[in-house]
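Below is one structure; the comments refer to it alone.
The values are calculated or read from the model by the stated rules, or taken from the named source; none is laboratory data. This one's a predicted model, so the numbers in the text were calculated from it and none came from an experiment. Because the Cβ atoms are built from the backbone with ideal geometry, glycine has one as well, and the counts that use them run over all protein chains shown.
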Amino acid sequence: MKKLVVILLTVLCVSAYGQSESVEEFRQSNRPDNKLVFYKSTLRMFARLSVQFAEDQKDMPDLGKLIDGIEKIKFFSYRPSSDLDDLAGRLKTDIIGENYESVISGKFGANEMEVLMKEKKGNPVAFVVIVRGDEGLQLMDIEGVPDLNNLVEFSQYVSTNGDSFSLLDAFR
């Protein structure tokens, strides 16, 4: 019986520090136009494929290193609508209410990007990326921690190798 209680508490604690409940509630209330879920095995496969297809782009960072600490990514995209900015603003407020904090914000072409991070005992455990622009709203809910050094390198690569940044383009 004690083992069952310990296992149950462990599962509850781990799930409590997983992905954002606000993003999931937002997704349920607002049906996304595109929804993709990537697990660790899928991310590793994608990283291997990107190496083969990016041979002509020698300055592209190693995606395998970038995604090493990531367990799961949920990606949602929404087409532009009249109330999307208000909804995105409320979503950001709700995410911050879950003890996430804004760590990076910037503009890539016509798109505004914000990265929010949740910590546990001083260590990052989850991220939410919100991108707003001409193509609508794009959300990435990340469980785990990407390699932050490679994240900076990858964001520099994206900003210098494209006029605009769209997460949706990465999945077309």
*Six or more apart or on different chains, Cβ under 7 Å: which pairs go from a residue in the range 76-95 that's in contact (Cβ under 8 Å) with a residue 24 or more places away in the chain and surrounded by 13 or more Cβ atoms within 10 Å (Cβ to Cβ) to one that's outside any helix (DSSP H, G or I) and of a type in the set (Lys, Arg)? Could you list them?*
76/35; 88/132
*Working only within the range 119-168, note down all residues that are over 16 Å from the mean Cα position of the chain (by Cα), closer than 20 Å to residue 69 by Cα, modelled with pLDDT of 70 or more and not in a loop (DSSP other than H, G, I, E, B).*
120, 123
*asked:* Condition check: modelled with pLDDT under 85, exposed (fewer than 14 other Cβ atoms within 10 Å of the Cβ), of a type outside the set (Val, Ile, Thr) and in a loop (DSSP other than H, G, I, E, B). Does residue 57 satisfy that?
replied: yes
